[in-house]
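Right, one structure below, let's go through it.
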Amino acid sequence: MTLNVLVVDDSSVMREMVIKTLRLSGVPLNQIHQAANGREALTELNHQQIDLALVDINMPVMGGLELIERLRATPKFAELPIIVVSTESSQGLIEILQEKGVSFVHKPFSPESLSQTIVSVTGAI
Amino acid sequence: MITDNPQGALCRTAVQIFEDLAFMLPTLELREQQLGAGLGASVSIGFSGYCAGRLSLSIADSVLPELTANMLGETEIPSQLQQRDALGELANVICGNLLPRLFGAASFRLDPPDFQAKESFTLNQTPIASSDIGLGNGRAQVMLFVDRYGNEQ
């Protein structure tokens, strides 16, 4: 199974770092799409076939938590595998994400930690 | 309640992030050339929650292109926009990793990067921790300011 991945982060440098890390991770990839905030992510999700979303929390226009809330409230995306990639790691945030079935990778991350989380979330080898 | 020594925590966190995110070899004992490198671009990350304040990061102009290229895994000189973006992301990650070291499980909200002259961040205020870090032939300066705790106005 090859994955179509959406990387959502307001920092273009961080998006590039995540994409490079994805390519080094050994996870089988098909297409990688990008969005700079939650609103752009919704547009991508409605126009592309996405298997996995990697989402930052703090973003302008629409942040990661609002994006996740909207996706989980939409039947089409209720089961979409989502991994939050963020510096924020408070217990409150982790609990909210767990309730919504969202995994978490802390910045800075290694290719190993990202690939392990992707494999556990998607079952991709 | 602060759970770690602010100065030590700031140094350890900043060094770790420069290593892990920008693949640099930071030093806390600066050479004369590094000490003489003027600081150029600056960014501040405001935070609120258990306490409110900001972390500022200033960096020598001679270092920022290399640091950004390392983050991008590129050999070409990155654009000014990419350099600014990289500086903001570094400050964000340093701040996000430092606060839990200092304040344990307390919750914080981080603001977007604020790119202004260093003086506007430091005017009339003393940081609770400050560190100069040698990077290549230049340096970075990281400072942590706490304005108020809890619900103080």
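The values are calculated or read from the model by the stated rules, or taken from the named source; none is laboratory data. Keep in mind that this is a model prediction, so the values were computed, not measured. Note that we place each Cβ from the backbone using ideal geometry, even for glycine, and neighbour counts take in every protein chain shown. SASA here: full protein model, heavy atoms, side chains in, ligands and nucleic acids out. Shrake-Rupley method; radii C 1.70, N 1.55, O 1.52, S 1.80 Å.
Would it be correct to say that B:LEU123 is in contact with a helix residue (DSSP H, G or I) (Cβ under 6 Å, 6 or more places away or on another chain) and modelled with pLDDT under 95? Give the derivation first.
On the way: in contact with a helix residue (DSSP H, G or I) (Cβ under 6 Å, 6 or more places away or on another chain): no; modelled with pLDDT under 95: yes.
No; evaluated as a whole, the condition is false for this residue.
Quick one: how many residues across region B:61-116 are facing chain A (nearest Cβ under 8 Å), within 27 Å of B:MET1 (Cα to Cα) and of a type in the set (Val, Ile, Thr)?
Residues meeting the conditions: 1.
Just one of (1) part of a helix (DSSP H, G or I); (2) open to solvent by 40 Å² or more (accessible area, probe 1.4 Å); (3) of a type in the set (Val, Ile, Thr) trips up A:VAL13, so point out which.
Only one criterion in (1) part of a helix (DSSP H, G or I); (2) open to solvent by 40 Å² or more (accessible area, probe 1.4 Å); (3) of a type in the set (Val, Ile, Thr) is unmet by A:VAL13, namely (2).
Suppose the filter is among the hydroxyl-bearing types (Ser, Thr, Tyr), under 15 Å from the mean Cα position of the chain (by Cα) and modelled with pLDDT under 95; does A:SER86 pass it?
Details: among the hydroxyl-bearing types (Ser, Thr, Tyr): yes; under 15 Å from the mean Cα position of the chain (by Cα): yes; modelled with pLDDT under 95: yes.
Criteria met by A:SER86.
For region B:59-67, check the following and say yes or no: at least one residue is surrounded by 17 or more Cβ atoms within 10 Å (Cβ to Cβ), over 17 Å from the mean Cα position of the chain (by Cα) and modelled with pLDDT under 95.
No, because not a single residue in region B:59-67 is surrounded by 17 or more Cβ atoms within 10 Å (Cβ to Cβ), over 17 Å from the mean Cα position of the chain (by Cα) and modelled with pLDDT under 95.
Yes/no matrix, rows are residues, columns are (1) of a type in the set (Val, Ile, Thr); (2) within 13 Å of chain A (Cβ to nearest Cβ); (3) open to solvent by 40 Å² or more (accessible area, probe 1.4 Å):
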{"position": "B:ARG12", "(1), (2), (3)": "no, no, yes"}
{"position": "B:ILE17", "(1), (2), (3)": "yes, yes, no"}
{"position": "B:LEU21", "(1), (2), (3)": "no, yes, no"}
{"position": "B:PRO26", "(1), (2), (3)": "no, no, no"}
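What residue, among those in region B:68-77 that are out of contact with any Pro (no Cβ under 6 Å at 6 or more places or on another chain) and over 30 Å from A:LEU93 (Cβ atoms), is least open to solvent (accessible area, probe 1.4 Å)?
Across region B:68-77, the extreme among qualifying residues is B:GLU74.
Every residue in region B:43-58 that is open to solvent by less than 10 Å² (accessible area, probe 1.4 Å), closer than 18 Å to A:SER11 by Cβ and out of contact with any Phe, Trp or Tyr (no Cβ under 6 Å at 6 or more places or on another chain), please.
Selection gives B:ILE45, B:LEU55, B:LEU57.
One residue is enough: does region A:53-60 have a residue meeting the conditions surrounded by fewer than 18 Cβ atoms within 10 Å (Cβ to Cβ) and under 30 Å from B:LEU64 (Cα atoms)? First the steps, then the outcome.
We begin by selecting, within region A:53-60, every residue surrounded by fewer than 18 Cβ atoms within 10 Å (Cβ to Cβ); these are A:60.
Now restrict to residues that are under 30 Å from B:LEU64 (Cα atoms): A:60.
Scanning region A:53-60, I find at least one residue that is surrounded by fewer than 18 Cβ atoms within 10 Å (Cβ to Cβ) and under 30 Å from B:LEU64 (Cα atoms), so the answer is yes.
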